[in-house]
């Protein structure tokens with residue numbers, strides 16, 4: 001089977017992307033999160049890609065996905081998608097080992113190709129990673145960005161906007177090829193954010209957090 005150089009991302013604002021794309025999404029609500037990750041993973045399943053969803057709650061993730069992919073159980077049974085608890089992906093050695101995680105990821109890619117898939121599509125949800133692992137995850141992200149270019153792999157990472165300050169957001173963006181963020185109700189693809197936009201996004205996130213707590 002021919003392995004096309006570009007893939008359908010499943011995300012309207014992005015369209016088709018090259019293999020070796022590593023991007024991120026900043027979100028404020030669960031709906032914002034699902035607006036991106038569901039079509040992203042669905043497109044992978046429909047286009048002969050092996051998919052991995054790293055989740056803090058795999059059962060809840062499965063239930064969310066089933067609403068848009070009624071035949072999800074068929075994909076699960078044939079092994080085309082794995083929904084993995086983040087402990088079993090990032091902390092399987094009892095601590096965060098960047099090289100071990102990367103080795104496992106590239107083993108998954110090679111296994112997918114050997115099984116006849118066009119490549120691997122990964123979604124990493126990191127909301128539940130403890131604060132102590134934030135620097136480790138940042139290093140891991142930089143390594144993925146450095147190594148992914150020549151791989152048959154797509155990687156999407158998501159970040160809950162209100163958990164990060166402006167400096168951290170800038171560092172996150174620099175570790176990805178581009179970022180998605182919602183502005184005035186529409187998703188935008190950005191390679192760089194202006195500082196004033198970052199503070200505007202943080203202010204909006206803070207307002208929403210306060211409103212939800214009332």
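With a ≥ b ≥ c taken as the square roots of the eigenvalues of the C-alpha gyration tensor of the stretch 47-146, please select rounded if a/c is under 1.5 and otherwise prolate if a/b is larger than b/c or oblate if it is not? Don't skip to the answer; put the middle values down first.
On the way: a/c = 2.28, a/b = 1.35, b/c = 1.69.
Cα axes put the stretch 47-146 in the oblate bin.
For a Förster distance of 22 Å, can you work out the FRET efficiency between the beta-carbons of residue 78 and residue 103, rounded to the nearest 0.05?
Efficiency, from the Cβ-Cβ distance: 0.30.
Cα extents of the stretch 30-90 along the three principal axes, largest first, in whole Å?
Projected onto its principal axes, the Cα set of the stretch 30-90 covers 27, 25, 16 Å.
Whole Å is fine, so just give me how far the alpha carbon centre of the stretch 103-169 lies from that of the stretch 1-76.
So the two Cα centres are separated by 14 Å.
How far, in degrees from 0 to 90, does helix 134-147 lean away from the longest principal axis of the Cα atoms of the chain, to the nearest 10?
Value to nearest ten degrees: 50.
Measure nothing but the geometry: give the 0 to 90° angle between the long axis through the Cα atoms of 195-213 and the longest principal axis through the Cα atoms of the chain, rounded to 10°.
In the chain, helix 195-213 runs at an angle near 90 degrees to the longest axis.
Hey, any idea what Rg/Rh is for the chain, computing Rh the Kirkwood way over Cα pairs?
On the way: Rg = 16.7 Å, Rh = 17.7 Å.
Computed over Cα atoms, the ratio is 0.94.
Can you tell me the orientation of helix 30-46 relative to the chain, as the angle in degrees between its alpha-carbon axis and the longest Cα principal axis, to the nearest 10?
20 degrees
In Å and on Cα atoms, what radius of gyration and Dmax does the stretch 135-186 show?
Calculated on Cα positions, Rg and Dmax stand at 12.2, 36 Å.
Here, each number is a calculation from the coordinates, and none is a lab measurement. Small disclaimer: the values here were computed from a predicted structure and weren't measured. Methodologically, a virtual Cβ is constructed for each residue, glycine included, from the backbone with ideal geometry; neighbour enumeration extends over all protein chains shown.
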